[in-house]
Amino acid sequence: MARPTNVAIIMDGNGRWAVRRGLPRVAGHKKGVQRVREIVRACPDLGVETLTLYAFSTENWKRPVIEVAALMRLFRIYIRMEAAELERNGVCVRFIGERSALEPDIRAMMAGLEERTKDNDLLTLQVALNYGGRDEIVRAARKIAAQVAAGEIAPGDVTEARFAEALDTRCPDPELVIRTSGEHRTSNFLPWQAAYSEYAFVPECWPDFTPDQFGAILDEFGTRERRFGGVEASQGGPA
Ligand code: FPP
């Protein structure tokens, strides 16, 4: 099997990376932003066409106010500093998640970056910001319920394809989801879209995750056999 073209990453371990070095947790997030830059830059050469990054979950608001504020500041800085390069390098940026809880200025910056990069097609970068998979599914269900209530569609018209269209994502489902920092959880990340994804759990914390390691994981994916609930021809399945 070839390397995956649609990849998603749970960028975990920024806090632990910092605390182990006697640094404030925010230092780990800052280093994490540098890794985001490097990994995004590496994608086209690695054959990745869609990268989805879990930047802030609907549960992350439970963190200390000072850490949430620092993360929001880093998102602002990232958008401001990277917009021109992303635009120039053919990256189409889209945000997924529930935007209304975010500060108006961040929402405006997100919309501006989406607009500015919307015609790019070398890499699609989906940034999950205030994203929760269950929240996304509930919001999609509400949209569809409203269409049914308005008589626009019948309950029997609700198919998997129609439901997927009501979700935030506009890209192919990830073939591979990577989680850094040694945790073996999916943490409400793309529960619908990753139903058949392969997972790679790597011990390194996100600030230590390099483009070389990224490439090695993509290569390793190439050795896996994906059956999607079926049976391989070599094991008696249909040729
Ligand atoms: C998880 O580490 C990481 C986050 C909650 C934030 C991820 C954000 C970035 C890498 C910054 C910028 C992102 C973009 C897209 C510009 P953690 O704090 O949960 O680590 P811990 O489990 O060790 O505490």
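Things worth noting here:
- Flag for Arg88 being over 23 Å from Gln213 (Cα atoms) and within 12 Å of the ligand (Cβ to nearest atom): no
- Tally of residues being more than 9 Å from the ligand (Cβ to nearest atom) and aliphatic (A, V, I, L, M) across the stretch 1-48: 12
- Screening the stretch 168-213 for residues that are among the aliphatic types (A, V, I, L, M), in contact (Cβ under 8 Å) with a residue 60 or more places away in the chain and assigned to a loop (DSSP other than H, G, I, E, B) and picking the one that is surrounded by the fewest Cβ atoms within 10 Å (Cβ to Cβ) gives Ala194.
- Annotation: Lys143 fulfils all but one of (1) away from the ligand (no atom under 16 Å from the Cβ); (2) under 28 Å from Leu176 (Cβ atoms); (3) charged (D, E, K, R); the unmet one is (2).
- Filter pass, Thr52 being in contact (Cβ under 8 Å) with a residue 12 or more places away in the chain, crowded, with 19+ Cβ neighbours inside 10 Å and within 12 Å of the ligand (Cβ to nearest atom): yes
- Residue within the stretch 116-126 that is aliphatic (A, V, I, L, M), surrounded by 14 or more Cβ atoms within 10 Å (Cβ to Cβ), in contact (Cβ under 8 Å) with a residue 40 or more places away in the chain and not in a loop (DSSP other than H, G, I, E, B) present: yes
- Taken over the stretch 68-105, the residue count meeting the criterion of being more than 22 Å from Asn14 (Cα to Cα), assigned to a helix (DSSP H, G or I) and touching a helix residue (DSSP H, G or I) at 6+ places or on another chain (Cβ under 8 Å) is 4.
- Hey, Ala140 outside any loop (DSSP other than H, G, I, E, B), in contact with a Ser or Thr (Cβ under 8 Å, 6 or more places away or on another chain), of a type in the set (Gly, Ala, Ser) and surrounded by 15 or more Cβ atoms within 10 Å (Cβ to Cβ) or not: no
- Hits in the stretch 35-49 (condition: acidic (Asp, Glu), in a helix (DSSP H, G or I) and in contact (Cβ under 8 Å) with a residue 60 or more places away in the chain): Glu38
- Test: residue in the stretch 65-72 that is among the acidic types (Asp, Glu) and within 21 Å of Pro207 (Cβ to Cβ): yes
- The sole residue among Arg3, Arg63, Arg35 that is surrounded by fewer than 17 Cβ atoms within 10 Å (Cβ to Cβ) and out of contact with any Cys (no Cβ under 7 Å at 6 or more places or on another chain) is Arg63.
- Residues satisfying the stated conditions in the stretch 1-26, i.e. hydrophobic (A, V, I, L, M, F, W, C) and farther than 25 Å from Glu198 by Cα: Trp17, Ala18, Val19, Leu23, Val26
- For the stretch 98-120, the criterion of being within 10 Å of the ligand (Cβ to nearest atom) and modelled with pLDDT of 95 or more is satisfied by no residue at all.
The values are calculated or read from the model by the stated rules, or taken from the named source; none is laboratory data. Everything quoted here is computed from the prediction, not taken from an experiment. Neighbour counts are summed over all protein chains in view; Cβ atoms, including those assigned to glycine, are modelled from backbone coordinates with ideal geometry.
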